[in-house]
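Undergrad: Following this message is one structure expressed as structure tokens.
Bear in mind these aren't lab numbers, they're just calculated from the coordinates by the rules spelled out. These figures come from a predicted structure and were not determined experimentally. Neighbour counts run over all protein chains shown; Cβ positions are idealised from the backbone, glycine included.
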Amino acid sequence: MEYIIGADIGTTSTKAVLYDMKGNVIAYANKGYQLYQDEPGMAEEDPDDIFEAIIDVLSQVMRKGKVKPDELKGVSFSSAMHSLILMDENDEPLTRAITWADNRAAKYSDQLKENGLGKEIYAKTGTPIHPMAPLSKILWIKNEKPELFSKTKKFIDLKTYVFFKLFGEYNMEYSIASATGMFNIFELKWEPQALEMLGLSEDKLPNLVEPTDKISGIDPSYGKVTGITADVPFIYGASDGVLSNLGVNAIDPGVLAVTIGTSGAVRVVVDKPVVDPNGNLFCYALTKDKWVVGGPVNNGGIVFRWVRDQLFAPEKITAEQMQISSYDILTQIAEKIPAGSDGLLFHPYLGGERAPIWNAYARGSFFGLTRQHTRAHMVRSALEGIVYNLYMVMLMIEGVAGKPKSIQATGGFARSELWRQMLADIFEQDVTIPESFESSCLGAAVLGMYSLGYIDDLSEVKNMVGVTNVHKPNSENFEVYRELLPIWIRLSKVLEPEYKSIADFQNKYMKN
């Protein structure tokens, strides 16, 4: 037998899936790690925790799959975007990994937006100006931690750190690079204007490689632990977002991928780089010939968790005692409320927001509350608000990539029939739930198969992705949503000027 591993370095855990060359799952492993939030806006992880997780999950799938050394043909990687690690002259981390969720660079992303430089850089890099991006993070460090900045030999990301530990080279593939805000997506090189603004030379950044490039010669000590021999190629792979599109077979024009996990995203594949005139959409590389346009949202399933913990604590306790899912109880409660929640609207901005408004100060709100509304209305309204927000992202994508023809939907929300139908009704599109397991891992594996010559085209992923459910729009429901969506969108624009004011107040008076 011949096998390949797809590994995904995620925000909360690292996963590895062992596949055969037809995309069948042979073994799976997952290991989580701590997120450090020691001060307001902080969201960091220990890079060595993540590296240990990689070694652990690779070892597990090799052991569980009973893989002989000569049967493993490759290991291909997916990774979360926008992480930043500073490395010193001895190639040791000066910092923990600053993740996409870290908002401490908000002041500097604001400055880039206000002085017009951000718009110029976005037009070349396709990375929206936001504190998530390493561009803003490095500017923040340069200005507020100059001693740390001056000690830095290399500014890298988590995947580059993993590959450096395994192979001793600082290489970053185009996909992760295209999410830094420092990479010219049209010329496939580091963008001089961005580097000049930061006061960086190219030698402070990793070497650039293609997502399909590979490297072999794993450090013998790690090879011994994992059971992976030195001749096995490691494919650099791409970012988790673009590989999720590949892993759910959303790579043809007009096929929209909607993902809702803790956060969420809406993405579509195009055949060449394209940027949004308003700077609200990303454009990241899958390969040199396939680019993913879309928008990420901070507020997905994490909002549902907040509703459960803060508004339905008794039901949560009951569910735990009965050993059933508390989320299932909440969706059953929400199902009793009609579409549109009787006019109760919710803006889900509990943790700032990226797309569609790109405002780190954004805050959540219920609008339209009356004495007739209940907790059941509030939970349905919260679920609808998450999807309204994703719908706004879809409207932006339409402006640069055309109207979608169909939707492939994944993420934890896909387990809920109510949420799947809600997505179909609000988007007024057929929604297909792919059968594929861990879409970013499968996407990484398929890209690896392509790199190694086991498949001739990425479209062969269609033979590896099944279908579990198809939902069609309910005409009665989407008529209701057609009335409410314009109100929801207008209201978001009315509230936006006051987000910073209330965020400043909260930062002044609220305790962590």
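Undergrad: Under unit Cβ charges (Lys, Arg +1; Asp, Glu -1), what dipole magnitude, rounded to 20 debye, does the chain have relative to its Cα centre?
TA: About 880 debye.
Undergrad: Also, quick follow-up: For a quick check: sort Ser201, Ser492, Ser13 by the number of other beta carbons within 10 angstrom, fewest at the front.
TA: In increasing order of surrounding Cβ atoms, one gets Ser201, Ser13, Ser492.
Undergrad: Give me the percent relative contact order of the chain, please, defined on Cα pairs under 8 angstrom at least 6 residues apart.
TA: 15
Undergrad: Nearest 500 deg cm²/dmol is fine: what mean residue ellipticity at 222 nm does the chain get from its DSSP H runs of n ≥ 4 alone, each adding -39,500 (n - 2.57), divided by its residue count?
TA: Dividing the helical sum by the residues of the chain leaves -12000 deg cm²/dmol.
Undergrad: Using the crude model of +1 on Lys and Arg Cβ and -1 on Asp and Glu Cβ, and no other charge, please compute the dipole size for the stretch 332-433 relative to its Cα centre, in debye to 20.
TA: Value, rounded to 20: 260 debye.
Undergrad: Extension gain Gln34-Asp309, at 0.36 nm per residue separation less the Cα-Cα distance, in nm? It would help to have the intermediate numbers written out before the result.
TA: Numbers: separation 275, 0.36 × 275 = 99.00 nm, distance 2.04 nm.
The span from Gln34 to Asp309 would gain 97.0 nm if fully extended.
Undergrad: Grab the Cα-Cα distance for Val494 and Glu320, subtract it from 0.36 nm times how many residues apart they are, and report the gain in nm with one decimal.
TA: 58.6 nm
Undergrad: Which residues in the stretch 318-337 have a backbone N closer than 20 Å to a point placed 7 Å from the Cα of Glu417 along the Cα-to-Cβ line?
TA: From the stretch 318-337, the list is 324-337.
Undergrad: On a 27 Å Cα-Cα criterion, which of the cross-link pairs Lys119/Lys462; Lys290/Lys403; Lys73/Lys405; Lys107/Lys493; Lys151/Lys500; Lys142/Lys500 come out too long?
TA: On the way: Lys119/Lys462 38 Å; Lys290/Lys403 18 Å; Lys73/Lys405 36 Å; Lys107/Lys493 21 Å; Lys151/Lys500 34 Å; Lys142/Lys500 24 Å.
In this structure, Lys119/Lys462; Lys73/Lys405; Lys151/Lys500 lie more than 27 Å apart at Cα.
Undergrad: Any chance you could check the Cα centroid distance between the stretch 261-340 and the stretch 44-116 for me, in angstrom?
TA: Value for the Cα centre distance between the two parts: 22 Å.
Undergrad: Among DSSP bridges having both ends in the chain, what percentage is antiparallel? Round to the nearest 5.
TA: 70
Undergrad: Determine the relative contact order of the stretch 1-47: mean sequence separation of Cα pairs under 8 Å and six or more apart, normalised by residue count, in whole percent.
TA: For the stretch 1-47, the relative contact order is 26 percent.
Undergrad: Using a cut-off of 13 Å between beta-carbons, work out the net charge of the residues near Asn463 (Lys and Arg +1, Asp and Glu -1, Asn463 not included).
TA: After counting each charged neighbour, the total is -3.
Undergrad: Cβ under 11 Å from Ala362's Cβ, Ala362 left aside: what net charge do those residues give with Lys, Arg +1 and Asp, Glu -1?
TA: Surrounding charge for Ala362 is 0.
Undergrad: Same structure, new question: Rg to Rh ratio, the stretch 248-292, alpha-carbon atoms and Kirkwood radius?
TA: Values: Rg = 11.0 Å, Rh = 11.3 Å.
My calculation puts Rg/Rh at 0.97.
Undergrad: In Å, what is the Rg of the alpha-carbon atoms in the chain, and how long is Dmax?
TA: Values for the chain (Cα only, Rg and Dmax): 22.3, 68 Å.
Undergrad: Over the stretch 164-228, what is the relative contact order in percent, taking alpha-carbon pairs closer than 8 angstrom and at least six residues apart? Don't jump to the answer; show the numbers that get you there.
TA: On the way: 50 pairs, mean separation 27.4, N = 65.
It comes to 42 percent, rounded to a whole number.
Undergrad: For Phe167 and Lys107 in one chain, what is 0.36 nm times their gap in residues minus the Cα-Cα distance, to one decimal in nm?
TA: So the extension gain works out to 17.9 nm.
Undergrad: Using a simple spin-label model with points 7 Å from Cα along the Cα→Cβ vector, what separation in nm is obtained for Asn115 and Asp504?
TA: Distance between the two pseudo-spin positions: 2.1 nm.
Undergrad: Between Asn143 and Gln372, how many nm apart are label points set 7 Å from Cα along the C-beta direction?
TA: 5.0
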